[in-house]
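S.K.: Below is the structure I would like to discuss, written out as C-alpha coordinates.
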Amino acid sequence: MKYRIGIPRAVMYYQFGTIWKSFFHTMDTEVIVSGETNKKILDEGATRVVDEACLPVKVYFGHAMQLAREEVDFLFIPRLVSIEKKAFICPKLMGLPDMLSAGKSSLPPLIKPTLNLVKSESRLEDFLQDIAKSLSFDKKKTRQAWHLAQGVYNKEMESKRRSFLENQIDCPGLTTIFLAAHPYLIHDRFLNLNIVDKLKKMGCRVILPEEIPPEVQNAELSCLRKPLFWSFGKMQLGSVRFIARQPGAKGIIILSSFGCGIDSFIDNMVVRYLKKMGVPYLNIILDEHSGAAGLDTRIEAFLDMLRWKESKDEDYVSTYGSYLGCDEGTARASGAGCSSTTLFQ
Ligand code: SF4
(Lines give C-alpha, C1' and ligand atoms only; values in the text may rest on other atoms or scores of the structure.)
Protein backbone atom coordinates (compact mmCIF):
# COMPACT_ATOMS: atom_id res chain seq x y z
CA MET A 1 0.00 0.00 0.00
CA LYS A 2 1.29 3.47 -0.89
CA TYR A 3 1.15 5.71 2.19
CA ARG A 4 0.59 9.46 2.22
CA ILE A 5 3.06 10.95 4.70
CA GLY A 6 2.58 14.53 5.89
CA ILE A 7 5.63 16.63 6.80
CA PRO A 8 5.09 20.02 8.49
CA ARG A 9 6.96 22.80 6.67
CA ALA A 10 8.46 24.18 9.86
CA VAL A 11 11.47 24.01 12.21
CA MET A 12 13.83 21.19 11.20
CA TYR A 13 12.15 20.74 7.82
CA TYR A 14 14.19 23.76 6.72
CA GLN A 15 17.39 21.91 7.59
CA PHE A 16 16.61 18.29 6.77
CA GLY A 17 13.59 18.48 4.44
CA THR A 18 15.73 17.45 1.48
CA ILE A 19 16.74 14.20 3.18
CA TRP A 20 13.24 13.38 4.40
CA LYS A 21 11.55 13.99 1.04
CA SER A 22 14.17 12.13 -0.93
CA PHE A 23 14.05 9.19 1.51
CA PHE A 24 10.28 8.78 1.39
CA HIS A 25 10.21 9.14 -2.38
CA THR A 26 12.76 6.34 -2.71
CA MET A 27 10.59 4.24 -0.41
CA ASP A 28 7.73 4.78 -2.88
CA THR A 29 5.73 6.85 -0.41
CA GLU A 30 3.74 9.94 -1.27
CA VAL A 31 5.00 13.00 0.60
CA ILE A 32 2.68 15.92 1.39
CA VAL A 33 4.49 18.98 2.71
CA SER A 34 2.28 21.65 4.27
CA GLY A 35 2.12 25.01 2.47
CA GLU A 36 4.11 28.14 3.21
CA THR A 37 3.44 29.64 6.64
CA ASN A 38 0.68 32.24 6.71
CA LYS A 39 -1.35 34.08 9.35
CA LYS A 40 -4.01 31.37 9.51
CA ILE A 41 -1.39 28.68 10.18
CA LEU A 42 0.29 30.80 12.86
CA ASP A 43 -3.00 31.72 14.56
CA GLU A 44 -4.21 28.14 14.55
CA GLY A 45 -0.91 26.88 15.98
CA ALA A 46 -0.81 29.59 18.63
CA THR A 47 -4.22 28.63 19.97
CA ARG A 48 -3.36 24.91 20.24
CA VAL A 49 0.05 25.01 21.85
CA VAL A 50 1.15 25.63 25.45
CA ASP A 51 1.66 29.29 26.34
CA GLU A 52 5.41 28.93 26.88
CA ALA A 53 6.07 27.77 23.32
CA CYS A 54 8.37 29.85 21.14
CA LEU A 55 7.22 31.24 17.80
CA PRO A 56 8.60 28.39 15.59
CA VAL A 57 6.87 25.76 17.74
CA LYS A 58 3.55 27.61 17.49
CA VAL A 59 3.95 27.61 13.72
CA TYR A 60 4.82 23.92 13.74
CA PHE A 61 1.50 23.14 15.40
CA GLY A 62 -0.32 25.18 12.76
CA HIS A 63 1.35 23.19 9.97
CA ALA A 64 0.43 19.88 11.65
CA MET A 65 -3.22 21.05 11.82
CA GLN A 66 -3.15 21.94 8.13
CA LEU A 67 -1.83 18.47 7.24
CA ALA A 68 -4.53 16.83 9.35
CA ARG A 69 -7.05 18.29 6.88
CA GLU A 70 -5.10 16.89 3.90
CA GLU A 71 -6.10 13.34 4.84
CA VAL A 72 -2.58 12.03 5.16
CA ASP A 73 -2.10 8.54 6.62
CA PHE A 74 0.69 9.58 8.97
CA LEU A 75 2.50 12.68 10.15
CA PHE A 76 6.29 12.44 10.20
CA ILE A 77 7.30 14.08 13.50
CA PRO A 78 10.82 12.84 14.32
CA ARG A 79 12.07 13.26 17.86
CA LEU A 80 15.43 14.91 17.22
CA VAL A 81 17.46 14.67 20.41
CA SER A 82 20.92 15.03 18.93
CA ILE A 83 22.11 15.35 15.33
CA GLU A 84 25.85 15.13 16.09
CA LYS A 85 28.21 13.78 18.73
CA LYS A 86 28.40 15.68 22.03
CA ALA A 87 25.69 18.20 21.22
CA PHE A 88 21.93 18.41 21.60
CA ILE A 89 18.95 19.92 19.83
CA CYS A 90 16.65 22.29 21.69
CA PRO A 91 14.41 20.53 24.28
CA LYS A 92 11.31 22.10 22.74
CA LEU A 93 12.04 20.31 19.48
CA MET A 94 12.79 17.05 21.29
CA GLY A 95 9.32 17.27 22.84
CA LEU A 96 7.37 17.99 19.65
CA PRO A 97 5.88 14.46 19.29
CA ASP A 98 4.72 14.52 22.93
CA MET A 99 3.31 18.03 22.74
CA LEU A 100 1.37 17.13 19.59
CA SER A 101 0.10 13.84 21.05
CA ALA A 102 -1.01 15.59 24.23
CA GLY A 103 -2.86 18.33 22.34
CA LYS A 104 -6.62 18.36 22.06
CA SER A 105 -6.61 18.26 18.26
CA SER A 106 -7.30 15.07 16.40
CA LEU A 107 -4.31 14.30 14.24
CA PRO A 108 -3.36 11.38 12.01
CA PRO A 109 -1.08 8.77 13.67
CA LEU A 110 2.44 10.10 14.24
CA ILE A 111 5.64 8.47 12.98
CA LYS A 112 8.04 9.59 15.69
CA PRO A 113 11.44 7.91 15.38
CA THR A 114 14.10 9.07 17.83
CA LEU A 115 17.41 10.35 16.51
CA ASN A 116 20.06 10.55 19.22
CA LEU A 117 23.63 10.68 17.94
CA VAL A 118 25.09 12.28 21.08
CA LYS A 119 27.24 9.24 21.92
CA SER A 120 27.73 7.67 18.52
CA GLU A 121 26.70 8.24 14.93
CA SER A 122 25.98 4.53 14.66
CA ARG A 123 22.73 5.25 16.58
CA LEU A 124 21.29 6.40 13.25
CA GLU A 125 20.51 2.74 12.78
CA ASP A 126 17.98 2.85 15.66
CA PHE A 127 16.26 5.82 14.03
CA LEU A 128 15.98 3.98 10.71
CA GLN A 129 14.71 0.83 12.39
CA ASP A 130 12.01 2.90 14.14
CA ILE A 131 10.83 4.21 10.76
CA ALA A 132 10.98 0.78 9.15
CA LYS A 133 8.94 -0.74 11.99
CA SER A 134 6.29 2.00 11.97
CA LEU A 135 5.71 1.76 8.22
CA SER A 136 6.52 -1.93 7.68
CA PHE A 137 9.42 -1.04 5.38
CA ASP A 138 12.14 -3.53 4.51
CA LYS A 139 15.07 -2.74 6.86
CA LYS A 140 17.80 -3.07 4.25
CA LYS A 141 15.92 -0.95 1.72
CA THR A 142 15.26 1.67 4.43
CA ARG A 143 18.99 1.91 5.16
CA GLN A 144 19.89 2.20 1.47
CA ALA A 145 17.23 4.85 0.81
CA TRP A 146 18.46 6.93 3.75
CA HIS A 147 22.08 6.86 2.60
CA LEU A 148 20.97 7.86 -0.88
CA ALA A 149 18.99 10.76 0.57
CA GLN A 150 21.93 11.78 2.73
CA GLY A 151 24.06 11.94 -0.42
CA VAL A 152 21.56 14.30 -2.10
CA TYR A 153 21.59 16.55 1.00
CA ASN A 154 25.40 16.55 1.24
CA LYS A 155 25.69 17.63 -2.40
CA GLU A 156 23.21 20.48 -1.82
CA MET A 157 25.13 21.73 1.22
CA GLU A 158 28.52 21.38 -0.49
CA SER A 159 27.36 23.49 -3.40
CA LYS A 160 26.18 26.30 -1.05
CA ARG A 161 29.50 26.23 0.81
CA ARG A 162 31.58 26.07 -2.35
CA SER A 163 29.88 29.14 -3.74
CA PHE A 164 30.60 30.98 -0.45
CA LEU A 165 34.28 29.97 -0.45
CA GLU A 166 34.72 30.84 -4.13
CA ASN A 167 33.26 34.34 -3.84
CA GLN A 168 34.77 37.39 -2.17
CA ILE A 169 32.98 38.35 1.05
CA ASP A 170 33.20 41.96 -0.06
CA CYS A 171 31.12 42.49 -3.23
CA PRO A 172 31.70 45.82 -4.99
CA GLY A 173 28.59 48.00 -4.77
CA LEU A 174 26.88 45.78 -2.19
CA THR A 175 26.84 45.91 1.59
CA THR A 176 27.73 42.49 2.97
CA ILE A 177 25.49 41.49 5.88
CA PHE A 178 25.66 38.26 7.83
CA LEU A 179 22.27 37.01 9.03
CA ALA A 180 22.79 35.06 12.25
CA ALA A 181 19.70 32.93 12.92
CA HIS A 182 18.38 29.40 13.06
CA PRO A 183 17.57 27.87 9.65
CA TYR A 184 13.81 27.94 10.23
CA LEU A 185 13.84 31.66 10.96
CA ILE A 186 15.97 32.38 7.90
CA HIS A 187 13.93 30.34 5.45
CA ASP A 188 10.38 30.92 6.68
CA ARG A 189 9.54 34.13 4.86
CA PHE A 190 6.36 34.75 6.80
CA LEU A 191 8.05 34.49 10.19
CA ASN A 192 11.02 36.66 9.25
CA LEU A 193 8.88 39.18 7.32
CA ASN A 194 10.86 38.35 4.20
CA ILE A 195 14.05 39.84 5.58
CA VAL A 196 16.44 38.18 3.12
CA ASP A 197 14.66 39.60 0.06
CA LYS A 198 14.30 42.97 1.78
CA LEU A 199 18.05 43.14 2.40
CA LYS A 200 18.82 42.14 -1.18
CA LYS A 201 16.48 44.82 -2.52
CA MET A 202 18.26 47.34 -0.30
CA GLY A 203 21.59 46.55 -1.95
CA CYS A 204 23.01 43.91 0.38
CA ARG A 205 24.82 40.66 -0.12
CA VAL A 206 23.42 38.31 2.52
CA ILE A 207 25.56 35.52 3.98
CA LEU A 208 23.87 32.74 5.98
CA PRO A 209 25.31 30.43 8.68
CA GLU A 210 24.70 27.34 6.53
CA GLU A 211 27.23 28.66 4.00
CA ILE A 212 30.06 28.54 6.54
CA PRO A 213 31.54 25.01 6.58
CA PRO A 214 30.98 23.21 9.95
CA GLU A 215 34.73 22.59 10.34
CA VAL A 216 35.30 26.37 10.15
CA GLN A 217 32.56 26.98 12.76
CA ASN A 218 34.01 24.29 15.05
CA ALA A 219 37.53 25.68 14.75
CA GLU A 220 36.22 29.07 15.88
CA LEU A 221 34.80 27.48 19.02
CA SER A 222 37.92 25.56 20.00
CA CYS A 223 39.11 28.48 22.16
CA LEU A 224 36.04 28.40 24.44
CA ARG A 225 36.80 27.33 27.99
CA LYS A 226 33.79 25.00 28.01
CA PRO A 227 32.46 23.38 24.83
CA LEU A 228 28.98 24.46 23.75
CA PHE A 229 26.56 21.56 23.72
CA TRP A 230 23.71 23.02 21.65
CA SER A 231 24.00 22.40 17.90
CA PHE A 232 22.19 25.67 17.04
CA GLY A 233 24.36 27.62 19.45
CA LYS A 234 27.53 26.19 17.92
CA MET A 235 26.39 27.10 14.43
CA GLN A 236 25.41 30.61 15.49
CA LEU A 237 28.45 31.53 17.54
CA GLY A 238 31.00 29.70 15.37
CA SER A 239 29.86 31.37 12.16
CA VAL A 240 29.60 34.83 13.75
CA ARG A 241 33.12 34.59 15.16
CA PHE A 242 34.45 33.67 11.72
CA ILE A 243 32.55 36.38 9.85
CA ALA A 244 33.31 39.11 12.39
CA ARG A 245 37.01 38.86 11.53
CA GLN A 246 36.48 39.20 7.77
CA PRO A 247 37.07 42.80 6.69
CA GLY A 248 34.45 42.51 3.94
CA ALA A 249 31.56 41.86 6.35
CA LYS A 250 30.04 45.24 7.15
CA GLY A 251 27.44 44.31 9.74
CA ILE A 252 25.62 41.44 11.41
CA ILE A 253 21.90 41.01 11.92
CA ILE A 254 20.97 38.66 14.75
CA LEU A 255 17.48 37.28 14.28
CA SER A 256 15.87 35.33 17.10
CA SER A 257 12.40 34.46 18.22
CA PHE A 258 10.65 35.55 21.38
CA GLY A 259 10.67 32.79 23.96
CA CYS A 260 13.81 31.06 22.66
CA GLY A 261 15.69 29.62 25.61
CA ILE A 262 18.89 28.84 23.71
CA ASP A 263 19.18 32.25 22.06
CA SER A 264 18.69 33.98 25.41
CA PHE A 265 22.28 33.12 26.26
CA ILE A 266 23.86 32.41 22.85
CA ASP A 267 22.84 35.88 21.61
CA ASN A 268 24.52 37.33 24.66
CA MET A 269 27.77 35.53 23.82
CA VAL A 270 27.48 36.69 20.20
CA VAL A 271 26.87 40.30 21.20
CA ARG A 272 29.76 40.38 23.65
CA TYR A 273 32.10 39.09 20.96
CA LEU A 274 30.86 41.63 18.40
CA LYS A 275 31.32 44.47 20.88
CA LYS A 276 34.84 43.31 21.58
CA MET A 277 35.58 43.22 17.84
CA GLY A 278 33.82 46.55 17.17
CA VAL A 279 31.50 45.01 14.58
CA PRO A 280 28.12 46.76 14.14
CA TYR A 281 25.11 44.56 14.76
CA LEU A 282 21.35 44.77 14.83
CA ASN A 283 19.41 42.47 17.14
CA ILE A 284 15.85 41.65 16.03
CA ILE A 285 13.49 39.51 18.09
CA LEU A 286 10.46 38.19 16.23
CA ASP A 287 7.09 37.30 17.68
CA GLU A 288 3.62 36.85 16.22
CA HIS A 289 2.93 40.56 16.52
CA SER A 290 5.97 41.72 14.54
CA GLY A 291 5.09 44.30 11.89
CA ALA A 292 6.84 44.80 8.54
CA ALA A 293 6.94 48.61 8.83
CA GLY A 294 8.86 48.54 12.11
CA LEU A 295 11.33 46.03 10.71
CA ASP A 296 11.85 48.06 7.51
CA THR A 297 12.65 51.18 9.53
CA ARG A 298 15.19 49.39 11.70
CA ILE A 299 16.93 47.78 8.74
CA GLU A 300 17.04 51.05 6.79
CA ALA A 301 18.51 52.86 9.78
CA PHE A 302 21.10 50.13 10.27
CA LEU A 303 22.17 50.16 6.62
CA ASP A 304 22.26 53.98 6.52
CA MET A 305 24.50 53.90 9.54
CA LEU A 306 26.87 51.33 8.01
CA ARG A 307 27.10 53.17 4.69
CA TRP A 308 27.48 56.57 6.28
CA LYS A 309 30.23 55.24 8.52
CA GLU A 310 32.00 53.68 5.54
CA SER A 311 31.71 56.69 3.23
CA LYS A 312 33.03 59.10 5.87
CA ASP A 313 35.53 56.63 7.24
CA GLU A 314 33.99 57.70 10.51
CA ASP A 315 35.41 56.62 13.84
CA TYR A 316 32.08 56.80 15.58
CA VAL A 317 32.01 57.51 19.27
CA SER A 318 28.80 56.58 21.00
CA THR A 319 26.82 59.14 22.92
CA TYR A 320 25.73 56.27 25.11
CA GLY A 321 27.81 54.40 27.64
CA SER A 322 31.36 54.84 28.75
CA TYR A 323 32.01 58.15 26.94
CA LEU A 324 28.78 59.84 27.90
CA GLY A 325 29.63 63.07 29.64
CA CYS A 326 33.06 63.60 28.06
CA ASP A 327 33.56 65.60 24.90
CA GLU A 328 34.23 63.83 21.64
CA GLY A 329 37.84 65.02 21.47
CA THR A 330 38.59 63.47 24.84
CA ALA A 331 36.99 60.22 23.82
CA ARG A 332 38.93 60.01 20.58
CA ALA A 333 42.15 60.91 22.28
CA SER A 334 41.59 58.05 24.68
CA GLY A 335 41.46 55.66 21.72
CA ALA A 336 37.74 54.93 21.63
CA GLY A 337 36.85 52.45 18.90
CA CYS A 338 34.12 52.81 16.33
CA SER A 339 31.75 50.69 18.33
CA SER A 340 28.56 51.59 16.55
CA THR A 341 27.16 48.52 18.30
CA THR A 342 26.09 50.79 21.11
CA LEU A 343 23.61 52.38 18.78
CA PHE A 344 21.76 49.14 18.41
CA GLN A 345 21.28 47.96 21.93
S1 SF4 B 1 15.94 26.76 19.61
FE2 SF4 B 1 14.69 28.44 20.34
S3 SF4 B 1 13.42 29.03 18.59
FE4 SF4 B 1 14.21 27.00 18.21
S5 SF4 B 1 12.65 25.62 18.95
FE6 SF4 B 1 14.11 25.90 20.60
S7 SF4 B 1 13.29 27.55 21.84
FE8 SF4 B 1 12.24 27.59 19.86
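S.K.: Holding the Cα-Cα limit at 31 Å, pick out from 85/160; 58/275; 40/276; 86/250 the pairs that are longer than that.
M.R.: 58/275; 40/276; 86/250
S.K.: Can you give me the Cα centroid spacing of region 117-182 and region 268-308 in angstrom?
M.R.: 29 Å
S.K.: If you take every DSSP beta bridge fully contained in the chain, what fraction is antiparallel? Give it as a percent rounded to 5.
M.R.: Beta bridges within the chain, antiparallel portion: roughly 5 percent.
S.K.: To continue, here is another question. Say the dipole of the chain comes from +1 at the beta carbon of Lys and Arg and -1 at that of Asp and Glu; which of 38, 265, 116 then lies farthest toward its positive end?
M.R.: 116
S.K.: Related question: Restricting to DSSP H runs of at least four residues, report the calculated mean residue ellipticity at 222 nm for the chain, -39500 (n - 2.57) per run over all residues, nearest 500 deg cm²/dmol.
M.R.: When only DSSP H runs of four or more count, the value is -15000 deg cm²/dmol.
S.K.: Computed over the Cα atoms of region 60-183, what is the convex hull's projected area averaged over all directions, in nm²?
M.R.: Numbers: hull surface 43.1 nm².
Approximately 10.8 nm², given one-decimal rounding.
S.K.: Given a cut-off of under 8 Å on Cα pairs at least six residues apart, what relative contact order in percent is computed for region 4-158?
M.R.: 25 percent.
S.K.: Let me ask something else about it. Protein chains only, probe 1.4 Å: how do 223, 204, 171 rank by accessible area, largest first? Don't skip to the answer; put the middle values down first.
M.R.: On the way: 223 85, 204 5, 171 35 Å².
If we order 223, 204, 171 from most to least accessible, we get 223, 171, 204.
S.K.: Which percent of the Cα-Cα distances in the chain go past 28 Å?
M.R.: 48 percent
S.K.: Output the DSSP H helices from the chain with an along-axis C-alpha extent of no less than 24 Å and a mean Kyte-Doolittle hydropathy no less than -0.5.
M.R.: Qualifying helices: 261-277, 292-312.
S.K.: Within region 80-122, what residues put their amide N at less than 17 Å from the label point 7 Å along the Cα-to-Cβ vector of residue 156?
M.R.: Under 17 Å, as judged by backbone N against the label point of residue 156, lies no residue of region 80-122.
S.K.: Could you sort 296, 188 by accessible area so the largest value comes first, with the probe set to 1.4 Å?
M.R.: Putting 296, 188 in descending order of accessible area: 296, 188.
S.K.: From Cα pairs below 8 angstrom and at least 6 apart in sequence, can you work out the relative contact order of region 103-199, rounded to a whole percent?
M.R.: Computed over region 103-199, the figure is 12 percent.
S.K.: Next question, about the same structure. Which whole-number percentage describes the relative contact order of the chain, with Cα contacts under 8 Å and a sequence gap of 6 or more?
M.R.: Working: 542 pairs, mean separation 51.3, N = 345.
Normalised by residue count, the contact order of the chain is 15 percent.
S.K.: Using a 1.4 angstrom probe, figure out how much accessible area the chain has per residue, in square angstrom, rounded to the nearest whole. Could the numbers behind the result be given before it?
M.R.: On the way: 16610 Å² over 345 residues.
Each residue of the chain exposes 48 Å² on average to a 1.4 Å probe.
S.K.: How much accessible area does residue 202 have with a 1.4 Å probe, in Å² rounded to the nearest 10?
M.R.: 50 Å²
S.K.: Where in region 1-85 are there GluC sites (Glu not before Pro) that are in a DSSP coil and have at most 15 other Cβ atoms within 10 angstrom of their Cβ?
M.R.: 36, 52, 70, 71
S.K.: Shifting gears a bit: Mind checking which of 151, 97, 228 is farthest towards the positive end of the chain's charge dipole, using Cβ charges of +1 (Lys, Arg) and -1 (Asp, Glu) about the Cα centre?
M.R.: Going by the charge dipole, the pick is 151.
S.K.: Rounded to two decimals, what ratio of Rg to Rh does region 1-110 give with C-alpha atoms and a Kirkwood Rh?
M.R.: Here Rg/Rh amounts to 0.95.
S.K.: Using a Gaussian network model of the chain whose springs link C-alpha atoms within less than 10 Å, name the residue from 114, 47, 142 with the highest mean-square fluctuation.
M.R.: In the Gaussian network model the winner is 47.
S.K.: Using the Cα gyration tensor of region 170-276, with a ≥ b ≥ c the square roots of its eigenvalues, what is the shape: rounded (a/c below 1.5), prolate (a/b larger than b/c) or oblate (neither)?
M.R.: Oblate, because a/c is 1.5 or more while a/b does not exceed b/c.
S.K.: Per the 1.4 Å probe, what fraction of the accessible area of region 4-158, in percent, lies on carbon and sulfur atoms?
M.R.: Ligands and nucleic acids excluded, carbon and sulfur give 51 percent.
S.K.: By accessible area of protein heavy atoms, probe 1.4 Å, what ranking do 285, 254 get, highest first?
M.R.: 285, 254
The values are calculated or read from the model by the stated rules, or taken from the named source; none is laboratory data. The model shown is predicted, which means the values in this text are computed figures rather than measured ones. Counting neighbours? That spans all protein chains shown, and the Cβs are built from the backbone with ideal geometry, glycine included. We work out accessible area using only protein heavy atoms, side chains counted, and drop any ligands, DNA or RNA first. Shrake-Rupley method; radii C 1.70, N 1.55, O 1.52, S 1.80 Å.
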